[in-house]
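Peer 1: Dropping a structure here in structure tokens format, bear with me for questions.
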Amino acid sequence: MADIAEQDETQQADGKRAARTERAADKLARRIGSFAKEHGGAEGQLAYVGQTGTRIVLVGADGGWGDLMATSQEVAESAAKKSGLTFHDEFDGDFAARVRTGPYEWSRMAGIQVGGPSNPPA
């Protein structure tokens, strides 16, 4: 009897976890879709960053870019699939060349080395 109760609890926990994963993926897919709509289409790339989760990098058809964080690779992959966009395995040179950066990005990337703003303290 105890084994059956434990199985039921495990199944309930797995069901709740799956429901949370799907809700998170649905929310990210909507945000990905909004980005694509705003930028005339988009493509992306998933970058696993460890326990922190997975970064979803988006590049719009107009060169605009942005990123989102998913709590796990599973959530990111589900969101990518639901969004219907093309996702690349790597952020290679051809894909990266589509990104258009402005003065803000250049000054942030340069930081204090060339007189740009420094990164905020942690």
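The values are calculated or read from the model by the stated rules, or taken from the named source; none is laboratory data. Because the structure is a prediction, the values reported are computed rather than measured. Heads up, the Cβs are rebuilt from the backbone with ideal geometry, glycines too, and the neighbour counts pull from every protein chain shown. Please note that ligands, DNA and RNA were not included when accessible areas were found on the heavy atoms of the full protein model with its side chains. Shrake-Rupley method; radii C 1.70, N 1.55, O 1.52, S 1.80 Å.
Peer 1: Within the range 90-99, is there a residue that is open to solvent by 20 Å² or more (accessible area, probe 1.4 Å) and within 11 Å of the chain's Cα centre (by Cα)? Don't jump to the end; show me each part of the working.
Peer 2: In the first step, residues of the range 90-99 are kept if they are open to solvent by 20 Å² or more (accessible area, probe 1.4 Å); the result is 90-94, 96-99.
Filter once more, so that each one left must be within 11 Å of the chain's Cα centre (by Cα): none.
Scanning the range 90-99 turns up no residue that is open to solvent by 20 Å² or more (accessible area, probe 1.4 Å) and within 11 Å of the chain's Cα centre (by Cα).
Peer 1: Given the conditions (1) out of contact with any Ser or Thr (no Cβ under 9 Å at 6 or more places or on another chain); (2) touching a residue at least 24 places away in the same chain (Cβ under 8 Å), which single one is not true for Arg23?
Peer 2: In the conditions (1) out of contact with any Ser or Thr (no Cβ under 9 Å at 6 or more places or on another chain); (2) touching a residue at least 24 places away in the same chain (Cβ under 8 Å), Arg23 misses (2) alone.
Peer 1: Which condition number in (1) modelled with pLDDT of 95 or more; (2) closer than 19 Å to Gly102 by Cα; (3) open to solvent by 70 Å² or more (accessible area, probe 1.4 Å) is the one that Trp65 fails?
Peer 2: Here Trp65 clears every test but (1).
Peer 1: For the subset of the range 87-122 comprising residues that are of a type in the set (Val, Ile, Thr) and closer than 18 Å to Ala42 by Cβ, which member is modelled with the lowest pLDDT? So that I can check it myself, show each step before the final result.
Peer 2: Pass one, the range 87-122, residues of a type in the set (Val, Ile, Thr): 99, 101, 112, 114.
Filter once more, keeping what is closer than 18 Å to Ala42 by Cβ: 99, 101.
On the way: Val99: 88, Thr101: 80.
Applying the filter and picking the extreme gives Thr101.
Peer 1: Of these, Gly40, Gly33, Gly63, Gly53, which one is in contact (Cβ under 8 Å) with a residue 12 or more places away in the chain, under 26 Å from Tyr104 (Cα atoms), of a type outside the set (Asp, Glu) and in contact with a Ser or Thr (Cβ under 7 Å, 6 or more places away or on another chain)? Can you show your working first?
Peer 2: Values: Gly40 fails: in contact with a Ser or Thr (Cβ under 7 Å, 6 or more places away or on another chain); Gly63 fails: in contact with a Ser or Thr (Cβ under 7 Å, 6 or more places away or on another chain); Gly53 fails: under 26 Å from Tyr104 (Cα atoms).
On inspection, the qualifying residue turns out to be Gly33.
Peer 1: Within the range 74-89, how many residues turn out to be surrounded by 14 or more Cβ atoms within 10 Å (Cβ to Cβ) and farther than 16 Å from Phe35 by Cβ? Break it down into steps so the answer makes sense when it comes.
Peer 2: Filtering the range 74-89 down to residues surrounded by 14 or more Cβ atoms within 10 Å (Cβ to Cβ) leaves 74-80, 82-83, 85, 87-88.
Add one more test, that the residue is farther than 16 Å from Phe35 by Cβ, and what stays is 74-75, 77-78.
Counting residues in the range 74-89 that are surrounded by 14 or more Cβ atoms within 10 Å (Cβ to Cβ) and farther than 16 Å from Phe35 by Cβ gives 4.
Peer 1: Quick check on my filter: what residues within the range 66-76 are among the charged types (D, E, K, R) and touching a residue at least 40 places away in the same chain (Cβ under 8 Å)? Step through it out loud before you land on a result.
Peer 2: Here is the first cut: in the range 66-76, the ones among the charged types (D, E, K, R) are 67, 74.
Once the filter is applied, which keeps residues that are among the charged types (D, E, K, R) and touching a residue at least 40 places away in the same chain (Cβ under 8 Å), the range 66-76 yields only Glu74.
Peer 1: Name the single residue, out of those in the range 14-61 being in a strand (DSSP E or B) and either among the basic types (Lys, Arg) or over 17 Å from Leu85 (Cβ atoms) (or both), that is least open to solvent (accessible area, probe 1.4 Å).
Peer 2: Filtering the range 14-61 for residues in a strand (DSSP E or B) gives 42-48, 54-60.
The next check asks that each one be either among the basic types (Lys, Arg) or over 17 Å from Leu85 (Cβ atoms) (or both); those that pass are 48, 55.
Values: Tyr48: 150, Arg55: 86 Å².
In this case the residue turns out to be Arg55.
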